[in-house]
Amino acid sequence: MNSPPELQEKAEKLVVQHRESSLWLFGSLARGDWDAYSDVDMLAIAATPADAETLADAVLSHLLADDVLALSSANWDRLRCSQDPYWQAIGRDVRILAKG
């Protein structure tokens, strides 16, 4: 697993290639309670669902994360403010890694 500073540097280089996008870290690594058995969870956010999927595929192909959720910016804004416990938990812990 990449260390958080290493991961951020790689994420920033990747986001530059994807306009109007961002990568967000969530889960144990974002909370700071990760260990050697933890996976890396990310959100790939872009203007459209298709752009988000493209970014998520790039994250996975560059081995930056184990799990990537791809969302349009509008969908992310809606979900992070929802009452759904799953998205509330993600919203509590999420931290931005890179923004393009």
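The values are calculated or read from the model by the stated rules, or taken from the named source; none is laboratory data. Computed from a predicted structure; not experimentally measured. As a convention, Cβ positions derive from the backbone with ideal geometry for all residues, glycine included, and neighbour counts pool all protein chains shown. Accessible surface areas use protein heavy atoms only, side chains included; no ligands, DNA or RNA. Shrake-Rupley method; radii C 1.70, N 1.55, O 1.52, S 1.80 Å.
Considering segment 14-50, and only residues there that are loosely packed, with under 12 Cβ neighbours inside 10 Å and without any contact (Cβ under 8 Å) to a residue 24 or more places away in the chain, the residue that is nearest to residue 74 (Cα to Cα) turns out to be 50. Selection within segment 1-13: residues that are without any contact (Cβ under 8 Å) to a residue 24 or more places away in the chain and among the acidic types (Asp, Glu). The member of this set that is least open to solvent (accessible area, probe 1.4 Å) is 6. Checking 45, 96 one by one, the residue that is outside any helix (DSSP H, G or I) and at pLDDT below 95 is 96 and no other.
Residues of segment 61-77 that are surrounded by 13 or more Cβ atoms within 10 Å (Cβ to Cβ) and in a helix (DSSP H, G or I): 73, 75, 76. Only residues that are within 10 Å of residue 45 (Cα to Cα) and over 12 Å from the mean Cα position of the chain (by Cα) were counted in segment 78-99, giving 0.
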